[in-house]
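The structure under discussion appears below in the form of structure tokens.
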There are 2 protein chains.
Amino acid sequence: MSLGEFELIRKISRFIKWGNSIELGIGDDTAVVSVKDGKLLLTCDALVEKTHFLTDWRELVEEFFFLLGRKLVTVSVSDVASMGGAPLFSLITLGVNSSFKEEEIDKFYRGVSSALKDYNLSLVGGDTVRSENLFFDLSLVGKTPSDFMLRSGAEPGDIVFVTGTFGDAKGGLDQFLKRKVTDRYLVERFLNPTARLKEGQAALSLGVKCGTDVSDGLVFNLYTISEASEVRIEIDLEKVPLSENLISYCGKERALSFALFGGEDYEVIITAPEEKRGELQKIGFKPIGRVLKGSGVYGNGKLLPKKGYDHLKEEQL
Amino acid sequence: MSLGEFELIRKISRFIKWGNSIELGIGDDTAVVSVKDGKLLLTCDALVEKTHFLTDWRELVEEFFFLLGRKLVTVSVSDVASMGGAPLFSLITLGVNSSFKEEEIDKFYRGVSSALKDYNLSLVGGDTVRSENLFFDLSLVGKTPSDFMLRSGAEPGDIVFVTGTFGDAKGGLDQFLKRKVTDRYLVERFLNPTARLKEGQAALSLGVKCGTDVSDGLVFNLYTISEASEVRIEIDLEKVPLSENLISYCGKERALSFALFGGEDYEVIITAPEEKRGELQKIGFKPIGRVLKGSGVYGNGKLLPKKGYDHLKEEQL
């Protein structure tokens, strides 16, 4: 296909009908719609066989479909988390065929169910269709009382903060692509990430205006902030948080590359004025850089490439 | 797969977390969630390559992807229509690959856009993923001010009413399966059905308690009412509305079979007391039978089989 996802989103935006109550349509982490007692956040995310996972990974990891069920919920909750909202209701469309065994359906829904519980979210319905390739699509309705964080909310002078560590998910995926699981922690970080719901809500309640989550890669998602906010972002590469497991798994240099350009970490990036640093650090945010006038994303002074993350292509870092 | 869709839905229901505000979860046309100023209706429907359509049908019908875009919107709106509600917002997940050309994406979204306009509905966001098989999944948020129609609302003594004509969609599909389009009207009824939004809302405003839409076949969907309401339903086969086009296309006997067991008509079935007959007929509902104590669905006194409709299997009627 000649169109990348982001190009396609722009294309689609032309067809969108905007109503009065729609505050934000396609292009940020979630759509935002005004209702009487606040704002609804609407988002959907799909996991597709041969794009996001291979069915034979079930042979490499016990409870594979349980973890995939958890992941399906988490990736959409992460979108709501990065806006500072809370999830409410979800719908799941299952595209399934006879390769998906009854006990695996059970496992998958147990995973879904356990993540719903973690994030205090309800599954209210869905559709089940036959599909040659498995796919799972979750739509989520969330809410915020009034305000929310946006990619376009960064201001020159802000500090860039992040949750968690980066590159672990790519370290997990890497093991699947090599068909050998040697570090279960990294595999869990890939299949069973954590949506930073509390951190997102806490940041919003501190008055933070700018947030997004890292689904496509740290640098790529910093670019989405840089472009939406029309600012330059500089990060200090030595401050990008890396896990000990990732460094052990692939060495420090490669770990940094995974962290910058690997996707699916589902950590949250925010930008906020210097005076909020103390409070933000208390709730787990770590400073990694700053926002300046200008454009582009820089690491230790060098322009970083805006590389998208393409899930199952092995060597792209 | 050993599980049919309805079995799977039952299975899934076990995993559903019910909150206080959830009035109705999996198992009716939409989920219903209470909010401050009314109720939200939540539903999703997918169209999947090789299950609901084949990509080479684009060679048989001009504007194929335009019509498919319209259909994607219509099938979900139909679920809301059958509850008596109004659609508000939608999200679309696109699973696409290089076989889906840029001009076809345009056509598809023009179709989506024209249907959104018809039903006064907004597309607010979505996800785009790579998928070996094309799929389109639409989630819809609708509302009703307070009440809604349910499959479980039928009472002995009610009359069974329907909108439109039946079997046309199967007559359209039949032409695709034969790879020769001879009756464009029927093809349009298959690819470009009408969601009976006004009729559903009018019925609800007249106090009608029971409604569903016909996605799986008239008899199959009558069974969903019969089972949810614990009643017997009798229909007069000669009263089942058939189009002239369908009768010309395949003869009266086969037309009736298409009407009873073909799916995807997206007409609305309601049941209501005799005294509402006049008003319901004025807004286009036609009586085809009655609700009695007991169980099962009968045509001219004979028990009708509960046959599901399996989209692309040619000879099942």
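Laboratory data are not the source of any read-out in this text; all were calculated from the coordinates shown. Predicted model only: the values in this text are computed from it and were never measured. Note that we place each Cβ from the backbone using ideal geometry, even for glycine, and neighbour counts take in every protein chain shown.
Things worth noting here:
- Using R0 = 45 Å, the C-beta based FRET efficiency linking A:Lys239 and B:Ser34 works out to 0.45.
- The mean count of C-beta atoms from other chains within 10 Å of the C-beta of residues in B:47-54, rounded to a whole number, is 3.
- Every pair of different Cα atoms in the protein assembly as shown enters the Kirkwood calculation, which places the hydrodynamic radius at 25.4 Å.
- For the pair A:Glu62 and B:Lys307, label points projected 7 Å from Cα toward Cβ lie 4.8 nm apart.
- Pairs from B:Lys117/B:Lys282; A:Lys209/A:Lys293; B:Lys107/B:Lys282; A:Lys209/A:Lys239; A:Lys143/B:Lys107; B:Lys50/B:Lys209 whose Cα-Cα separation, in the structure shown, is over 29 Å: B:Lys107/B:Lys282; A:Lys143/B:Lys107; B:Lys50/B:Lys209
- Efficiency of FRET from Cβ geometry, A:Ser146 and B:Leu54, R₀ 45 Å, rounded to 0.05: 0.40
- Lysines with Cα under 18 Å of A:Lys306, excluding same-chain neighbours fewer than 8 positions away: A:Lys170
- If you bin all the Cα-Cα distances of chain A at 20 Å, starting from zero, the percentages per bin are 33, 60, 7.
- Site pair B:Lys252 and B:Tyr185 shows an inter-label distance of 1.7 nm when each label is modelled 7 Å from Cα along Cα→Cβ.
- Among A:87-96, B:293-302, the peptide with the highest mean count of other Cβ atoms within 10 Å heads the list, and the full ranking is A:87-96, B:293-302.
- Of the trypsin sites (Lys or Arg not before Pro) found in segment B:132-206, the ones in coil according to DSSP and having at most 10 other Cβ atoms within 10 Å of their Cβ are B:Lys180.
- The simple spin-label model puts a point 7 Å past each Cα toward its Cβ; for B:Glu103 and B:Leu292 those points are separated by 5.8 nm.
- Beta carbon of chain A nearest to the axis of the rotation taking A to B, residue and angstrom distance: A:Ser139, 2
- Gain upon complete extension [B:Leu206, B:Glu132; 0.36 nm per residue less C-alpha separation]: 21.9 nm
- Ordering of B:99-108, A:240-249 by packing is A:240-249, B:99-108, highest average first (other Cβ atoms within 10 Å, averaged per residue).
- Cβ-placed point charges (K, R +1; D, E -1), dipole of segment A:165-227 about Cα centre in debye, nearest 20: 240 debye
- Here the dipole of chain A is about 400 debye; that uses its Cα centre as origin and unit charges on the Cβ of Lys and Arg (positive) and Asp and Glu (negative).
- Per-residue shielding of A:99-108, expressed as the average number of other chain Cβ atoms within 10 Å of the residue Cβ, stands at 2.
- Dipole size of the protein assembly as shown about its Cα centre, with +1 on Lys/Arg Cβ and -1 on Asp/Glu Cβ: approximately 460 debye, rounded to the nearest 20.
- Peptide A:116-123 - average C-beta neighbours from other chains (10 Å radius): 3
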